Amino acid sequence: MTKAELLDAARLRVRKTAKDGLDADVQRLVETALSDLERIGVHSSWLAAPTDPLIIEAVLSYVKANYSISGNYETLIGIYNMVLTKIKIVSKYRAEMPPEEKETDEEAESGENTDTNLILISVGSSADEDVRTAVFAEVDPVGRDEYEAAGQQGMKAEYKFTVWAAEYDGQEEVEYNGRRLSIYRTYGARSDDKTELYAAERAGNGS
């Protein structure tokens, strides 16, 4: 992810849909987060063009917490600090990033639990009025029970996405790997402050 792409992701995280003079504030927060990661010992190779999900999530969480201080500040900065703690205890981040750390498309679609880019969508009266929020999520394939539950609603179950509860605000749809899916049920917030989103496509729509 280039610095420009990271800035775009940060803009989406704070629901800033139009480019304006306030982009400078978002960029400043992105740079501050990267500097904070370097302060705790993250090697610069992980920060120049971030691809690691924890690194990217740390930056976006910091921007979300500090862009517009609100009643949720303590929760949001707590998420940032939790991600920061995970990074601190993993020794690989203190050394130069090895080439094999770059995730391939094959790994992302292998069906194993992985961190992924996800777009949460609040559906508007037209596509232009949809509100899109970029987040990071854990993604898992769904089991047989979910196929049955979704089938009762005329849907074909696809994935379970696990996101931070503070970042889910009742959105009805998600976009993942270029596909737009409906959220047919949720579970949470769990004790770890995360929410599970179960996503499906309408049966008969094709894949």
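The values are calculated or read from the model by the stated rules, or taken from the named source; none is laboratory data. Bear in mind that the values here come from a model prediction, so they are computed numbers and not experimental data. Neighbour counts run over all protein chains shown; Cβ positions are idealised from the backbone, glycine included. The area values use the complete protein model at the heavy-atom level, side chains included, leaving out ligands, DNA and RNA. Shrake-Rupley method; radii C 1.70, N 1.55, O 1.52, S 1.80 Å.
Selection of region 15-41 for residues being outside any helix (DSSP H, G or I) and out of contact with any Leu (no Cβ under 9 Å at 6 or more places or on another chain) yields Arg15, Thr17, Ala18, Lys19, Asp20, Gly21, Leu22, Gly41.
Residues of region 48-105 that are under 27 Å from Ala189 (Cβ atoms), surrounded by fewer than 19 Cβ atoms within 10 Å (Cβ to Cβ), modelled with pLDDT under 90 and of a type in the set (D, E, K, R): Glu74, Lys86.
May I ask you to verify whether Gly111 is assigned to a loop (DSSP other than H, G, I, E, B), modelled with pLDDT of 85 or more and either of a type in the set (Gly, Ala, Ser) or surrounded by 15 or more Cβ atoms within 10 Å (Cβ to Cβ) (or both)? So Gly111 fails the test. Ser122 satisfies every condition listed in (1) open to solvent by 30 Å² or more (accessible area, probe 1.4 Å); (2) in contact with a strand residue (DSSP E or B) (Cβ under 7 Å, 6 or more places away or on another chain); (3) of a type outside the set (Phe, Trp, Tyr); (4) free of Cβ contacts under 8 Å to residues at least 24 places away in the same chain except (4).
Could you please find all residues in region 12-40 being within 21 Å of Tyr168 (Cα to Cα) and modelled with pLDDT of 85 or more? Within region 12-40, Val26 is the sole residue that qualifies. Any residue in region 151-173 that's over 12 Å from Arg202 (Cβ atoms) and surrounded by fewer than 21 Cβ atoms within 10 Å (Cβ to Cβ): show its pairings with residues that are modelled with pLDDT of 90 or more and aromatic (Phe, Trp, Tyr) at Cβ separation under 7 Å, as long as the two are six or more apart or on different chains. Going by the 7 Å Cβ cut-off, the qualifying pairs are Lys160/Tyr198. Hey, among the residues in region 174-206 that are of a type in the set (Asp, Glu) and assigned to a loop (DSSP other than H, G, I, E, B), which one's surrounded by the fewest Cβ atoms within 10 Å (Cβ to Cβ)? Among those residues, the one meeting the criterion is Asp192.
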